[in-house]
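The values are calculated or read from the model by the stated rules, or taken from the named source; none is laboratory data. On a predicted model such as this, the values are computed, not experimentally measured, just so you know. Using ideal geometry, Cβ is built from the backbone for each residue, glycine included, and neighbour counts are taken over all protein chains shown. SASA here: full protein model, heavy atoms, side chains in, ligands and nucleic acids out. Shrake-Rupley method; radii C 1.70, N 1.55, O 1.52, S 1.80 Å.
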Amino acid sequence: MIRRAGCGFAAVALGATVLVGAQGTFARAEPPLTVEDAKAQIEQHEAEAAGLDQEYNDVKLEISDAEKALKEKQQSLQAQRAKIARLKKIVGQVALANLQNKSLGTTAQLFLHANTDRFLSQLSTVEKITQNQNSALQDYQEQQAALVTLEQSASDELESLEKQRDELKKIRKDADKKVKDAEKILDRLTSEQREALAAEERRQSEDSERAAQASDDDSDSDSDDSKSDDSDSDDEDPKVTGSGKGATVLAWALTQKGKPYVFGSDGPDSYDCSGLTLKAWGKVGVSLPHSSSKQFKMGTPVSKDNLRPGDLVFYYSSSRPSHVGIYAGNGQIFHAPNSRKPLGYSPLDSMPYVGARRYG
């Protein structure tokens, strides 16, 4: 995603002033950056972008739930309107029957009716019709009021849904800005500095991978359970310490090594952090939401000194973690780090650790 260096670095590195206007107005260029300073600033922007990524996922889940609720409410509205139409017809029929039977007074009807017993039976029916009319009218009025309430509720939910969709657009825009801010910092570095930074990050990832693999080499507990049945990668199934679901989860995740991080993605060609973890645990039948904060609220808490391969580890905020990775053993994690780096390894404590969860 980072494509080029900024122009005029030599002037920047010297802390020179540059002419910016025809009237001789001068502005001081930005001071030079060290690789360490650049790395720290880039990581800050990337952490903020990752947090927005997970917030984006949270809002997407909320929108999905709201759309389902709205669909159910609209179905209820349709059923309620049909019910009211039927009640309205019944009220009209009962009212008409009552009107026809009341055209003559009771005494006159008795006098004119040849069969007294039959008339009295009909009179009883008329009284029931009157009662039915009152009952039908009351039911109609109650259901009409319920319809009005339901319509207002559906309207409120639709308005809320539109606001959530607007919020989603804003979050994505803010996240893109954070990524561009990181790019601008890289643009301030010389080509040599950028190469040094990339080399340092590769070295850290390779060291972390070797450390994780060393834990495998020291273990005699390789299990068939740790073999991945995924067909997304042509790589050989990696060897993973331990057995059971966690080992299977990690083994599958490692087959995705080298694939790119993409905002809001859950595979199969790219992932964000919680997209990777939900797919990995999905391979053993555990359904997780596409959200690091929601994944943190599920499963069984695990202490840092009791981590096993496959456990999920969370970062940055204990109230709303914005990043998640998979514990790979020997103090290392496997994760989808950010848009500059493909899926790979990092030290467990490379980010502010807030907790871990086990799901099986």
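Observations on the structure shown:
- Inter-part distance where the range 32-92 and the range 158-193 are each reduced to a Cα centre, Å: 19
- Per-peptide average of other Cβ atoms within 10 Å, ordering 350-358, 197-205 highest first: 350-358, 197-205
- Kirkwood hydrodynamic radius over Cα pairs of the range 51-96, then Stokes diffusion coefficient at 37 °C and 0.692 mPa s, in µm²/s: 246
- Carbon + sulfur, % of accessible area of the range 247-360 - ligands and nucleic acids excluded, 1.4 Å: 49
- Phi angles of the range 181-195 translate, via the Karplus equation with coefficients 6.51, -1.76, 1.60 and θ = phi - 60°, into HN-Hα couplings of 4, 5, 4, 5, 5, 4, 5, 7, 8, 6, 4, 5, 5, 5, 5 Hz per residue; Gly and Pro are given as x.
- Using the 1.4 Å probe convention, the accessible area of the range 272-360 works out to 35 Å² per residue with neighbouring protein chains retained.
- From most to least packed by mean Cβ count within 10 Å, the peptides 248-261, 143-156, 271-284 give 271-284, 248-261, 143-156.
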